[in-house]
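Q: Take this structure, written in structure tokens, and hold onto it; I'll ask about it next.
The values are calculated or read from the model by the stated rules, or taken from the named source; none is laboratory data. In this text, all values refer to a predicted model and were calculated from it rather than measured experimentally. Reconstructed Cβ throughout: ideal geometry from the backbone, glycine too, with neighbour counts over all protein chains shown. Just so you know, the surface numbers come from the protein's heavy atoms only, side chains and all, with ligands and any DNA or RNA stripped out. Shrake-Rupley method; radii C 1.70, N 1.55, O 1.52, S 1.80 Å.
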Amino acid sequence: MKQATCKKLQEIGAFALAGGCTRKRMRQLVEMIRAARDYRWIAVYKIVKDEFVILAGTGDDPPAYPRFPVTQGLCGAALDSGKSIIVGDVHNDPRYLPTFHTTRSEIVVPMRNEHRHILGMLDAESDKLNAFGEEDRQFLERAGGLIAHCLH
């Protein structure tokens, strides 16, 4: 991973540990993650009972599905497999639940607690095809690990 990316992760981790997990701070954290790699949209979804519920997202427009069953969407597929999912063209993936009509590619990363139990998902979307690669996966998995404690 590039040195600049590692520095951004350090900043995200320090911010996450310094001040708790209020809604305002969660919005600041997702914005830090978005800005670190110039993503179009980032959100954190927490698993509440049998649903994914958005805790924080970037931008002013709410997603089409602020809550949905854990069996649906790419988040549901990532929960089922326990692994990150990268989709280069969401319009060719039947699991995709449209967040914004302009989304073309998406990466969903499971967020785990210290016991490796999945508590939620870190979701990044782009309006470009094939926008996410291995470096994005590594970055988002590490960022998700740094803020997973906010999902307890």
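Q: For the subset of the range 59-78 comprising residues that are closer than 22 Å to ALA131 by Cα and hydrophobic (A, V, I, L, M, F, W, C), which member is modelled with the lowest pLDDT?
A: Top of the filtered list is ALA64.
Q: Right, next: Just one of (1) open to solvent by 40 Å² or more (accessible area, probe 1.4 Å); (2) in a strand (DSSP E or B) trips up ALA124, so point out which.
A: So ALA124 meets the others, but not (1).
Q: If you don't mind, there's one more thing I want to ask. So which of ALA77, ALA56, ALA16 is within 17 Å of HIS149 (Cβ to Cβ), free of Cβ contacts under 8 Å to residues at least 40 places away in the same chain and open to solvent by less than 60 Å² (accessible area, probe 1.4 Å)?
A: None of the others qualify; the one that does is ALA56.
Q: THR71 versus (1) buried (at least 17 other Cβ atoms within 10 Å of the Cβ); (2) among the hydroxyl-bearing types (Ser, Thr, Tyr); (3) in a loop (DSSP other than H, G, I, E, B): which is the lone unmet condition?
A: Result: THR71 fails condition (1) only.
Q: Quick check on the range 88-126: of everything there that is under 14 Å from the mean Cα position of the chain (by Cα) and β-branched (Val, Ile, Thr), which residue is modelled with the lowest pLDDT?
A: Selected residue: THR99.
Q: Separate question: Please go through the range 18-34 and pick out each residue that is touching a helix residue (DSSP H, G or I) at 6+ places or on another chain (Cβ under 8 Å), in a helix (DSSP H, G or I) and closer than 30 Å to PRO69 by Cα.
A: ARG25, MET26, GLN28, LEU29, MET32, ILE33
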